[in-house]
Amino acid sequence: MGKRDDLIAQYADDLKNKCGINADMDLLTKVTIGCGPAIYNADASTVAGSDPSELETVKKNFLIKKLGLSDGPQLDDAISAVIETYGKSERNKYRAVVYYMLTKHFGKEAIYG
């Protein structure tokens, strides 16, 4: 298995053990690929759940640009819900896992079809 496969297995493990979600492996793989080279960078591969500028980046670059959603309080609520599900005290919130949960939350799986 390659490095990306190892990371995808790690993300699936996080989803199952930290979030109580059985991952759709096909979607998780596509979301991970969609993150690009960021998954290999220690800083870029995680989301700082308590950093407002980081959460704003997730909202603008992922929810609005990638998923095509309109800005509004529902986006902030969804991000908060995902961070809560992942666990606020969880130090490493992987970007691919956060994006996967947001994709599922908004029912936007077709974007990765």
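Quick note: the coordinates plus some simple rules give every number you see, no bench work behind them. Since the structure is predicted, the reported quantities are computational estimates derived from the model, not experimental observations. Please note: Cβ atoms are built from the backbone with ideal geometry, for glycine as well, and neighbour counts cover all protein chains shown.
Using the alpha carbons of the chain, what is the convex hull volume per residue in cubic angstrom, as a whole number?
In the chain, the Cα convex hull volume per residue is 96 Å³.
Distance between the C-alpha centers of region 70-113 and region 1-23? Whole Å please.
First find each Cα centre; the distance between them is then 15 Å.
Select from Y40, Y11, Y86 the residue whose mean-square fluctuation is largest in a Gaussian network model of the chain (Cα-Cα springs shorter than 10 Å).
Evaluated over the chain, the most mobile residue of the options is Y40.
Counting Lys and Arg as +1 and Asp and Glu as -1, each charge on the Cβ, what is the dipole of the chain about the Cα centre in debye, to the nearest 20? Before the final figure, lay out each step's value.
Details: 15 positive and 16 negative charges, 37 e Å.
Dipole size: approximately 180 debye.
Given the pairs K3/K93; K3/K59; K30/K104; K18/K65; K66/K108, which span a C-alpha to C-alpha distance of over 21 angstrom in this model? Don't jump to the answer; show the numbers that get you there.
Details: K3/K93 18 Å; K3/K59 27 Å; K30/K104 13 Å; K18/K65 28 Å; K66/K108 10 Å.
As for pairs spanning more than 21 Å Cα to Cα, those are K3/K59; K18/K65.
Could you tell me whether region 57-113 comes out rounded, prolate or oblate from its Cα gyration tensor? Rule is a ≥ b ≥ c as square roots of the eigenvalues, rounded for a/c under 1.5, then prolate if a/b exceeds b/c, otherwise oblate.
Prolate, because a/c is 1.5 or more and a/b exceeds b/c.
Run lengths n ≥ 4 of DSSP H only: what is the helix-derived mean residue ellipticity at 222 nm for the chain, with -39500 (n - 2.57) per run over all residues, to the nearest 500? It would help to have the intermediate numbers written out before the result.
On the way: 5 runs with 58 residues, N = 113.
When only DSSP H runs of four or more count, the value is -16000 deg cm²/dmol.
Given the convex hull over the Cα atoms of region 7-73, what projected area results after averaging over all orientations, in nm²?
Working: hull surface 21.0 nm².
Dividing the Cα hull surface by four gives the mean projection, 5.3 nm².
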